[in-house]
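Student: Okay, here's the structure, questions in a sec.
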Amino acid sequence: MIFDIQRHLGGVDRSVADLEKDGNPARSVILSRSYDTDIDDLWGALTRPERIPRWFLPVEGELRLGGRFKFTGNASGEITQCEPPEHLSTTWEMQGDVSWVVVGLAAEGESRARLTLTHTATVSPFWDQFGPGAVGVGWELGLLGMALYLLDPEVPKIDEEAFAKSSGGKAFINQSAKGWGDVDVARGEDPAVARAAAERTANFYTGAPPQPD
């Protein structure tokens, strides 16, 4: 699949925030992107079980307030808030850890809508190793999948494994990881630490061998 990598990378606003969650130090990774569709259609793509696999992953469970869900080969969680078509909050449970995802939608005219996703986790050695790109790159790939799906719903979803090994996919992931390293520096992280974490993140997603510290 051929698409404008720079346009998609440039279409995402990235930020990182320090906060507390349940009395523990935490950080939020925040992504925001506009789509050429109305808010109701974007909400449907985000929440309808038959549409979610077209841009993200197959999902099972009860997609309702209080319901539990599971993405194939990925996270599970509980839907803790649901206010169509503007707000969705869930837990994000993976490998014994719990974090929190909040998605907000806002109309930008009649045929354009903005999606803002906030993923909050308590500070851990995982963050020290990979920084914000660990979840930032993954969600950015998801937002890319959403953009390609909304552009042409009949086109098959990209194969993520093949994409990560392609030249275009590697360029996308490497630049996304660098972008997250840059916002980590803006947050106050030491530039050398942020760059190393971004490189480890990019290597993880592309399957490149890790570089010695």
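Student: Residues being in contact with a helix residue (DSSP H, G or I) (Cβ under 9 Å, 6 or more places away or on another chain), more than 22 Å from residue 28 (Cα to Cα) and assigned to a loop (DSSP other than H, G, I, E, B): count how many of those fall in the range 58-99.
Tutor: The total comes to 5.
Student: Right, something else. Among all residue pairs at least 6 apart or on different chains, which show Cβ distances below 7 Å where the first residue, located in the range 32-54, is in a loop (DSSP other than H, G, I, E, B) and the second is surrounded by fewer than 20 Cβ atoms within 10 Å (Cβ to Cβ) and not aliphatic (A, V, I, L, M)?
Tutor: Partner pairs satisfying both residue conditions: 36/111; 36/112; 37/111; 38/110; 38/111; 51/44.
Student: For the range 170-197, enumerate the residues that are touching a Phe, Trp or Tyr at 6+ places or on another chain (Cβ under 9 Å) and closer than 14 Å to residue 14 by Cα.
Tutor: Within the range 170-197, 176, 177 meet the criteria.
Student: Would you mind listing the helices (runs of 4 or more DSSP H) fully within the range 122-213 where at least 2 residues are out of contact with any helix residue (DSSP H, G or I) (no Cβ under 9 Å at 6 or more places or on another chain) and under 29 Å from residue 44 (Cβ atoms)?
Tutor: Counting at least 2 such residues, we get 133-151.
Student: Still on this structure, please answer the following. Out of (1) farther than 25 Å from residue 52 by Cβ; (2) buried (at least 19 other Cβ atoms within 10 Å of the Cβ), the odd one out for residue 167 is which?
Tutor: The single condition residue 167 does not satisfy is (2).
Student: While we're on this one: Go over the candidates 55, 92, 100 one by one and state the one that is among the aromatic types (Phe, Trp, Tyr) and over 26 Å from residue 187 (Cα atoms).
Tutor: None of the other options fit; the residue is 55.
Student: What is the one condition in (1) of a type outside the set (Asp, Glu); (2) surrounded by fewer than 18 Cβ atoms within 10 Å (Cβ to Cβ); (3) modelled with pLDDT of 95 or more; (4) over 14 Å from residue 33 (Cα atoms) that residue 132 does not satisfy?
Tutor: With respect to (1) of a type outside the set (Asp, Glu); (2) surrounded by fewer than 18 Cβ atoms within 10 Å (Cβ to Cβ); (3) modelled with pLDDT of 95 or more; (4) over 14 Å from residue 33 (Cα atoms), residue 132 is out only on (2).
The values are calculated or read from the model by the stated rules, or taken from the named source; none is laboratory data. Keep in mind the model is a prediction, meaning the values are calculated, not measured. Glycine gets a Cβ as well: all are built from the backbone with ideal geometry, and neighbour counts include every protein chain shown.
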